[in-house]
Amino acid sequence: NCIIVKSECKLENMKIAQDGPDGANFNCIRVQQGKCTITDCDITGKGAKALVVVINGSSDVKMSGCCVHDSLDAGVMVDKGAKAVITDCEITRNAKAGISMGKDARSFRARGAGTHARPPRGDARPRA
């Protein structure tokens, strides 16, 4: 994991990349508890787990203006009593769901968040 959050934090204007081996069991950001604000970040990785994971009933995440892309799993996963608000983010080219909400998520809201499937292999579009 690149960043594990266990208290209050702010991540702003960062490029966060999980660049371990393909299919590794890692996340870029794992919010286990506390309030976390993620603003204007470029989040990418090639691990087998979601790039941004929000778990635990005491986790409260606000994401805005971020690009979450190129995961071998979901872009964002919200589960286990967690709360997340995602606004004006581009969540794209992830192998599975752009945003995945587990059955135990407490609250989830998305506004202006665009999610797109992974383009076919050989697509020549530039990366974000």
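The values are calculated or read from the model by the stated rules, or taken from the named source; none is laboratory data. Everything quoted here is computed from the prediction, not taken from an experiment. Neighbour counts are summed over all protein chains in view; Cβ atoms, including those assigned to glycine, are modelled from backbone coordinates with ideal geometry. To get the accessible areas, we keep the full protein, side chains included, count just its heavy atoms, and leave off ligands, DNA and RNA. Shrake-Rupley method; radii C 1.70, N 1.55, O 1.52, S 1.80 Å.
In Å², what does the accessible area per residue of the range 1-113 work out to with a 1.4 Å probe? Write out the running numbers ahead of the final one.
Working: 5270 Å² over 113 residues.
Accessible area per residue, the range 1-113: 47 Å².
Go through M101, M14 and list them by solvent-accessible area, largest first, probe radius 1.4 Å.
Working: M101 105, M14 75 Å².
Descending accessible area places them as M101, M14.
Would you please put 87-98, 58-69 in order of how densely packed they are, using the mean number of other Cβ atoms within 10 angstrom per residue and starting with the highest?
Packing proxy ranking, top to bottom: 58-69, 87-98.
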